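S.K.: This is the structure, below, for whatever I ask next.
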Amino acid sequence: MSSPEIETLTQALAKLPGLGPRSARRAVLHLLKKREAALGPLLRALEAVNDKLTSCHLCGNVDTSDPCGICADPRRDARMLCVVEEVADLWALDRSRLFPGRFHVLGGRLSALEGIRPEDLSIDLLIGRIAAGGIDEVVLAMNATLEGQTTAHYIADRLESFPVRLTQLAHGLPVGGELDYLDEGTLAQALRARRPVS
Ligand SMILES: [Zn+2]
């Protein structure tokens, strides 16, 4: 039997995505055995992130600085903007390293079922960024779900009067596929073969 403290730690880790009780126990055991090499650095890393955690007021990304590292990076192509549903999608696409521009996180997708309306998402902020000018292409990188596509169409309608090229990820994304779960090769392919919004 573990102490209450160790049990609490195990339970906290078991709630993380991708872990379960069994993996959490193994992780905890590792941390306890490698106190210097693993527990200390993990603790310091968690504290550092917790101290600085913020969300980017420009794009909605989660980072330890505002503007986030992507928005603040002068090497990014400011003329290209990729719109995603969630921060996880931004991270997935950015991992593929094929999109040289910046991002915009909506904070979800339209859903009649869940009562999520346009004003619940950062769509006005997006329109504002595009209205400010300097953006040539907007990639609508919504998930290949019904709600994701509904959201993409809604945004495409709202952007109709702006002089920007609207593109979307190529089909070949599995139907119902969520970006975060795709391997980088599939994502890269979908991004490379992006097509105009019809
Ligand atoms: Zn940002």
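S.K.: Rounded to whole Hz and in sequence order, give me ³J(HN,Hα) for segment 2-8 from the Karplus expression 6.51 cos²θ - 1.76 cosθ + 1.60, θ = phi - 60°, writing x for Gly and Pro.
M.R.: Result, rounded to whole Hz: 8, 5, x, 5, 5, 5, 4.
S.K.: Using the Karplus equation 6.51 cos²θ - 1.76 cosθ + 1.60 (θ = phi - 60°), what ³J(HN,Hα) coupling, rounded to whole Hz, does each residue of segment 142-154 give in order, writing x for Gly and Pro?
M.R.: Each residue's phi maps through the Karplus curve to give 6, 5, 7, 10, 4, 5, x, 6, 4, 4, 4, 5, 4 Hz.
S.K.: Mind jotting down the three principal axis lengths of segment 1-146 based on Cα atoms? Whole angstrom, largest first.
M.R.: Result, largest extent first: 60, 40, 26 Å.
S.K.: Give the carbon-plus-sulfur fraction of the accessible surface of the chain in %, rounded to a whole number; probe 1.4 Å, heavy atoms of protein chains only.
M.R.: Of the solvent-accessible surface of the chain, carbon and sulfur hold 56 percent.
S.K.: Oh, and also: With N set to the residue count of segment 65-128, report its C-alpha Rg divided by 2.2 N^0.38 Å to two decimal places.
M.R.: Ratio of Cα Rg to 2.2 N^0.38 Å: 1.21.
S.K.: On to the next question. Placing +1 on the Cβ of each Lys and Arg and -1 on the Cβ of each Asp and Glu in segment 1-149, which of PRO118, MET142, GLY18 has its Cα farthest towards the positive end of the resulting dipole?
M.R.: GLY18
S.K.: Sticking with this structure for a sec: What list of ³J(HN,Hα) values in whole Hz, one per residue of segment 40-50 in order, does the Karplus curve 6.51 cos²θ - 1.76 cosθ + 1.60 (θ = phi - 60°) give from phi, with Gly and Pro shown as x?
M.R.: x, x, 5, 4, 5, 5, 4, 5, 4, 5, 4
S.K.: Using the alpha carbon gyration tensor of segment 92-138, what are the three equivalent-ellipsoid semi-axes (square root of 5 times each eigenvalue), largest first, in whole Å?
M.R.: Value: 23, 17, 6 Å, ordered largest first.
S.K.: Roughly how big is the chain's charge dipole about its Cα centre, with Cβ charges of +1 (Lys, Arg) and -1 (Asp, Glu), in debye to the nearest 20?
M.R.: In total the dipole reaches around 720 debye.
S.K.: Further question on the same structure: Given H placed 1.01 Å from N in the peptide plane, which residues other than close sequence neighbours of CYS82 have an amide H under 5 Å from its amide H?
M.R.: Excluding prolines and chain starts, which carry no amide H, the hits are ARG102, PHE103, HIS104, VAL139.
S.K.: Taking square-rooted eigenvalues a ≥ b ≥ c of the alpha carbon gyration tensor, is segment 4-52 rounded, prolate or oblate, where a/c under 1.5 means rounded and, failing that, a/b exceeding b/c means prolate?
M.R.: Since a/c reaches 1.5 but b/c is at least a/b, the shape of segment 4-52 is classed as oblate.
S.K.: Now for a separate question. Could you list which residues have their amide H under 5 Å from that of GLN168, counting only those 5 or more apart in sequence or on another chain, with H placed in the peptide plane?
M.R.: Close amide H contacts, sequence-distant or interchain: LEU140, ARG195, VAL197.
S.K.: What translational diffusion coefficient, in µm²/s and rounded to a whole number, does the Stokes-Einstein relation yield for segment 62-196 at 25 °C and a viscosity of 0.890 mPa s, taking the hydrodynamic radius as the Kirkwood radius over Cα pairs?
M.R.: Calculated translational D: 164 µm²/s.
S.K.: Oh, and also: Percent antiparallel among DSSP beta bridges with both residues in the chain, to the nearest 5?
M.R.: 25 percent
S.K.: Tell me which GluC sites (Glu not before Pro) from segment 60-163 have a DSSP coil assignment and no more than 11 other beta carbons within 10 Å of their own.
M.R.: Listed in order of number, the matching sites are GLU114, GLU160.
The values are calculated or read from the model by the stated rules, or taken from the named source; none is laboratory data. On a predicted model such as this, the values are computed, not experimentally measured, just so you know. Every residue, glycine among them, receives a Cβ derived from its backbone with ideal geometry; neighbour counts consider all protein chains shown. Surface areas here come from the heavy atoms of the whole protein model, side chains and all, with no ligands, DNA or RNA. Shrake-Rupley method; radii C 1.70, N 1.55, O 1.52, S 1.80 Å.
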